[in-house]
1. Taking the Cα of GLU104, stepping 7 Å toward and past its beta carbon, and measuring to each backbone N in the range 53-73: which are under 13 Å?
2. Answer rounded, prolate or oblate for the range 1-111, using the Cα gyration tensor with square roots of eigenvalues a ≥ b ≥ c: rounded when a/c is under 1.5, else prolate when a/b is larger than b/c, else oblate.
3. Using only the Cα atoms of the range 113-189, build the gyration tensor, take square roots of its eigenvalues as a ≥ b ≥ c, and label the shape rounded, prolate or oblate: rounded if a/c is under 1.5, else prolate if a/b is larger than b/c, else oblate.
4. By how many degrees, 0 to 90 and rounded to 10, does the Cα axis of helix 188-200 deviate from the longest principal axis of the chain?
5. Ignoring ligands and nucleic acids, what accessible area does GLU12 show with a 1.4 Å probe (Å², nearest 10)?
6. With all protein chains present and a 1.4 Å probe, how do THR23, THR154 order by accessible area, largest first?
7. What aspartates and glutamates does LYS228 reach when the alpha-carbon gap must be under 18 Å and sequence neighbours fewer than 8 apart in one chain are set aside?
8. What is the Cα centroid distance between the range 45-62 and the range 164-209, reported in whole angstrom?
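The values are calculated or read from the model by the stated rules, or taken from the named source; none is laboratory data. These figures come from a predicted structure and were not determined experimentally. Using ideal geometry, Cβ is built from the backbone for each residue, glycine included, and neighbour counts are taken over all protein chains shown. Accessible surface areas use protein heavy atoms only, side chains included; no ligands, DNA or RNA. Shrake-Rupley method; radii C 1.70, N 1.55, O 1.52, S 1.80 Å.
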Amino acid sequence: MDSQPSDAKLSELFAGIEQRLGTTNLGPDRWYILAISCLVAGPDPEAAAPLYQHLVNQPQYSTSESRKALVRRLREALVKAIAVVGVCKPIEAILAISRVEREEDRDYSTTREGWQCDEENHERAMAWWNKIYAHNAKDTMGLFDAHKDFAWLTVEITSGFFLSDRHVLDDIDTELVVLSAIMSQNLPNETHWHIRGTRRIGVSNKDAKVLWDCIQAVAKHSGVSLHKVPTVDEVEPGV
């Protein structure tokens, strides 16, 4: 893929996010989870390819095995994002990455073969739901009492199939996907819930503010206004 001026601006954006998250206690391997989740929720999911190329040019991804491990994390972020943004944009993103992957770097593993919507799935889903919603869990689920299909989808599919799977991404990675993709769509209620959820799984107030700023930075790059979403401090009293 030929480098374009827009790719240079994206590289600058990615470098800035990496630097800003480097000031947090979240570790060095989460910034791109935020980045790809914002991109796939925005107007240009194919920007996942420049993100992948930006990453594989870094020295820690100098081997084929390290690039396979990287793409497993990016791919799982896109799979989980389906629960938040729908299937079409994540498909565009993974196809864009696929077009720039080297043949020797292709990873043919799978994570959900044999999945069943069974009691084990339900228990796993509810464990995740209760971790994020805590004492608000019952009241939040009660919002769907007159729309029970949404309650079933939320538990068995969104939480069970997508979000509670731990083959590749951990709790903080997962909540990064959810918060980033939801906030990038300028959704006030669910952004509130998932700023709160991010705090509840152990991300500090200070670090959550860095995440919030980085999500805003990706939106600004994409020409998207996130004017409806609450700030971290507005959510804090409910944590």
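1. 62-68
2. Taking the square roots of the gyration eigenvalues as a ≥ b ≥ c, the range 1-111 is rounded.
3. Details: a/c = 1.61, a/b = 1.06, b/c = 1.52.
Cα axes put the range 113-189 in the oblate bin.
4. On a 0 to 90 degree scale, this one is about 90.
5. Roughly 140 Å² of GLU12 is accessible to a 1.4 Å probe.
6. Values: THR23 85, THR154 25 Å².
Output order, biggest surface exposure first: THR23, THR154.
7. Counting by Cα, and skipping residues close in sequence, LYS228 has these aspartates and glutamates nearby: GLU190, ASP213, GLU236.
8. Each part's Cα centre sits 23 Å from the other's.
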